[in-house]
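Asks: To start, I am sharing the structure in question, which I have written as structure tokens.
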Amino acid sequence: MIVPPSQKRLSLNELPRWSNWLGRFLGVGPLSPIRRTREKIDAEYDKDKYASCLAYYRQHAQEGITVDQVRKEWEMRAVGSESCVSFGDELFLLSSSESLTMNDQLLLEVLGPLAAQADSVVELGCGYGHNLWLLAQQFPGKTFFGGEYSPQAVTLAQELYRNNPSIHVEQFNFYDPTYPILDRLEKGRRVLVFTRHAIEQLPSAANVCLVLPKYADRMTAVVHLEPLYETHGESLLALLRKRYTEMNDYNRDLLPLLRANPAVTVQEAQMNVFGLNPLNPTSVIRWICAPHG
Ligand SMILES: C[S@@+](CC[C@H](N)C(=O)[O-])C[C@H]1O[C@@H](n2cnc3c(N)ncnc32)[C@H](O)[C@@H]1O
């Protein structure tokens, strides 16, 4: 698993310099709790972030701009030259490009061995497919399917990968009663399904946890690179993370729901592995559809 850098450690005391959420939690600066409705997702992702990424891509398409450039030069343009990241409960200062590289490395380390054994890889809530593109560079010859709620992100992906037949991105909604993207997969193929900071966008993971296991005959493994709510954490950082999740209306029930589902066996749950945002770090959950022991 990715390892923390040997130096450039930060104390929790220094975190307010890198995240204005802490001041807001303490009443310094405005704080209004978010309701993560579909309208909120439409406004934040479709109409704002991905619409502007699509416009940027179209402006530069003639120059042969890549998905990585859209991400680093445009989507992440507001990030300063350095950023505070977390490994477990420890904070570090990295250059922003090191942080993004570390984030990509985590994805490849976690999914790489499973993708190597799969025929196809599916990402649900994939944005414009940056993660799929990264995996496609490492695993040519496999097929990559992405499902995404934002029409602008789907359009951007279709334009980005129009000459790359191994990546297909289509409309998808976690709230739907069935997932046609999975219905269409051929039975008998080895399929890895994953999400990355996408189920976080739902106030409850109940529907996903109900629908996904119904595709047991089409999935060899499921991995979530998602934040997990630590009910029992009592350190200051754990309390700040809980508050961040609550204020953003991110789900608090993904892992408990998976563990309670008799059709699911959770094989791995590693908490707070790496945080590009230390208040909302990525945990890693891997499960398969199988009866409990
Ligand atoms: C933080 S972004 C992560 C995107 C991508 N997985 C990544 O790692 O870059 C969250 C994504 O979840 C998508 N999303 C939010 N609600 C969704 C829903 N109901 N169905 C499908 N995707 C959704 C958003 O549009 C956005 O692309």
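Asks: Restricting to segment 148-170, what's the tally of residues that are in a helix (DSSP H, G or I), within 25 Å of LEU202 (Cβ to Cβ) and touching a helix residue (DSSP H, G or I) at 6+ places or on another chain (Cβ under 7 Å)?
Replies: Taking segment 148-170 as the starting set, the residues that turn out to be in a helix (DSSP H, G or I) are 151-160.
Among the residues that remain, those that are also within 25 Å of LEU202 (Cβ to Cβ) are: 151-158.
This time we only want the ones that are touching a helix residue (DSSP H, G or I) at 6+ places or on another chain (Cβ under 7 Å), so: 151-153, 155-156.
The total comes to 5.
Asks: Any idea which of (1) of a type in the set (A, V, I, L, M, F, W, C); (2) under 17 Å from GLU148 (Cβ atoms); (3) surrounded by fewer than 20 Cβ atoms within 10 Å (Cβ to Cβ) is the one ILE199 doesn't satisfy?
Replies: Every condition holds for ILE199 apart from (3).
Asks: Then there's this: What tally of residues in segment 36-66 results from selecting those that are among the hydroxyl-bearing types (Ser, Thr, Tyr) and either within 30 Å of MET247 (Cα to Cα) or within 11 Å of the ligand (Cβ to nearest atom) (or both)?
Replies: Going through segment 36-66, the residues among the hydroxyl-bearing types (Ser, Thr, Tyr) turn out to be 37, 45, 50, 52, 56-57, 66.
Right, trim to either within 30 Å of MET247 (Cα to Cα) or within 11 Å of the ligand (Cβ to nearest atom) (or both) and you get 37, 45, 50, 52.
Of the residues in segment 36-66, 4 are among the hydroxyl-bearing types (Ser, Thr, Tyr) and either within 30 Å of MET247 (Cα to Cα) or within 11 Å of the ligand (Cβ to nearest atom) (or both).
Asks: Identify the single condition in (1) farther than 27 Å from LEU192 by Cα; (2) touching a residue at least 24 places away in the same chain (Cβ under 8 Å); (3) assigned to a helix (DSSP H, G or I) that PRO278 does not satisfy, given that it satisfies every other one.
Replies: All conditions are met except number (3).
Asks: I've got another one for you. In segment 134-147, which residue that is part of a loop (DSSP other than H, G, I, E, B) and not charged (D, E, K, R) is farthest from the chain's Cα centre (by Cα)? Even if it seems obvious, please write down each step before you answer.
Replies: At the first step, the residues of segment 134-147 found to be part of a loop (DSSP other than H, G, I, E, B) are 139-142.
Adding the requirement that they be not charged (D, E, K, R) leaves 139-141.
Details: PHE139: 20, PRO140: 22, GLY141: 24 Å.
My answer is GLY141.
Asks: Can you pull out every residue in segment 202-212 that is within 13 Å of the ligand (Cβ to nearest atom) and in a helix (DSSP H, G or I)? Give the steps one after another, and end with the answer.
Replies: First pass over segment 202-212, keeping only residues within 13 Å of the ligand (Cβ to nearest atom): 202-208, 211-212.
Passing the criteria: ALA206, ASN207, VAL208, VAL211, LEU212.
Asks: Further, regarding this structure: If ASP68 passes every condition in (1) surrounded by fewer than 20 Cβ atoms within 10 Å (Cβ to Cβ); (2) at pLDDT 95 or above but one, which one does it miss?
Replies: ASP68 satisfies every listed condition except (2).
Asks: Based on what the data block shows, is THR220 more than 16 Å from the ligand (Cβ to nearest atom), touching a residue at least 40 places away in the same chain (Cβ under 8 Å) and hydroxyl-bearing (Ser, Thr, Tyr)?
Replies: Values: more than 16 Å from the ligand (Cβ to nearest atom): yes; touching a residue at least 40 places away in the same chain (Cβ under 8 Å): yes; hydroxyl-bearing (Ser, Thr, Tyr): yes.
Taking the combined requirement at face value, the residue satisfies it.
Here's the yes/no breakdown for (1) in a helix (DSSP H, G or I); (2) in contact with a helix residue (DSSP H, G or I) (Cβ under 8 Å, 6 or more places away or on another chain); (3) of a type in the set (Ser, Thr, Tyr); (4) within 15 Å of the ligand (Cβ to nearest atom):
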residue	(1), (2), (3), (4)
CYS84	no, yes, no, no
LEU91	no, yes, no, no
SER97	yes, yes, yes, no
LEU114	yes, no, no, no
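Asks: Right, another one. Considering each residue of segment 171-201, count those that are within 11 Å of the ligand (Cβ to nearest atom) and either part of a strand (DSSP E or B) or over 29 Å from ASP48 (Cβ atoms) (or both), and give that number.
Replies: 4
Asks: Looking for something outside any strand (DSSP E or B), among the hydrophobic types (A, V, I, L, M, F, W, C) and closer than 18 Å to ARG36 by Cβ - is there at least one such residue anywhere in segment 260-275?
Replies: So the first thing to find is which residues in segment 260-275 are outside any strand (DSSP E or B), and the list is 260-263.
If we keep only those that are among the hydrophobic types (A, V, I, L, M, F, W, C) too, we end up with 260, 263.
Those still in the list that are closer than 18 Å to ARG36 by Cβ too: none.
Looking through segment 260-275, none of the residues is outside any strand (DSSP E or B), among the hydrophobic types (A, V, I, L, M, F, W, C) and closer than 18 Å to ARG36 by Cβ.
Asks: Quick check on segment 145-160. Is at least one of its residues within 16 Å of the ligand (Cβ to nearest atom), aromatic (Phe, Trp, Tyr) and out of contact with any Asp or Glu (no Cβ under 8 Å at 6 or more places or on another chain)?
Replies: Looking for residues that are within 16 Å of the ligand (Cβ to nearest atom), aromatic (Phe, Trp, Tyr) and out of contact with any Asp or Glu (no Cβ under 8 Å at 6 or more places or on another chain), one finds none in segment 145-160, hence no.
Asks: Please verify whether segment 29-39 includes one or more residues that are within 19 Å of the chain's Cα centre (by Cα), of a type outside the set (A, V, I, L, M, F, W, C), part of a loop (DSSP other than H, G, I, E, B) and surrounded by 16 or more Cβ atoms within 10 Å (Cβ to Cβ).
Replies: Within segment 29-39, one or more residues are within 19 Å of the chain's Cα centre (by Cα), of a type outside the set (A, V, I, L, M, F, W, C), part of a loop (DSSP other than H, G, I, E, B) and surrounded by 16 or more Cβ atoms within 10 Å (Cβ to Cβ).
Asks: Another question, then. Considering only segment 231-240, I want to know if a residue exists there that is within 16 Å of the ligand (Cβ to nearest atom) and either in contact (Cβ under 8 Å) with a residue 60 or more places away in the chain or buried (at least 16 other Cβ atoms within 10 Å of the Cβ) (or both). Spell out the reasoning first.
Replies: Step one: filter segment 231-240 for residues within 16 Å of the ligand (Cβ to nearest atom), giving none.
Checked against the condition, which is being within 16 Å of the ligand (Cβ to nearest atom) and either in contact (Cβ under 8 Å) with a residue 60 or more places away in the chain or buried (at least 16 other Cβ atoms within 10 Å of the Cβ) (or both), segment 231-240 yields no hits at all.
Asks: Test each condition in (1) more than 15 Å from the ligand (Cβ to nearest atom); (2) not in a strand (DSSP E or B) for ASN131 and report the one that comes out false.
Replies: (1)
Asks: Mind checking which pairs have a first residue in segment 50-73 that is free of Cβ contacts under 8 Å to residues at least 40 places away in the same chain and farther than 18 Å from LEU132 by Cα and a second that is part of a helix (DSSP H, G or I) and acidic (Asp, Glu), Cβ under 9 Å, 6 or more apart or different chains?
Replies: Matching pairs, first to second residue: SER52/GLU75; TYR56/GLU73; TYR56/GLU75; HIS60/GLU73.
The values are calculated or read from the model by the stated rules, or taken from the named source; none is laboratory data. Note that the structure is a prediction, hence the values are computed from the model and not measured. Note: ideal-geometry Cβ built from the backbone for every residue, glycine included; neighbour counts use all protein chains shown.
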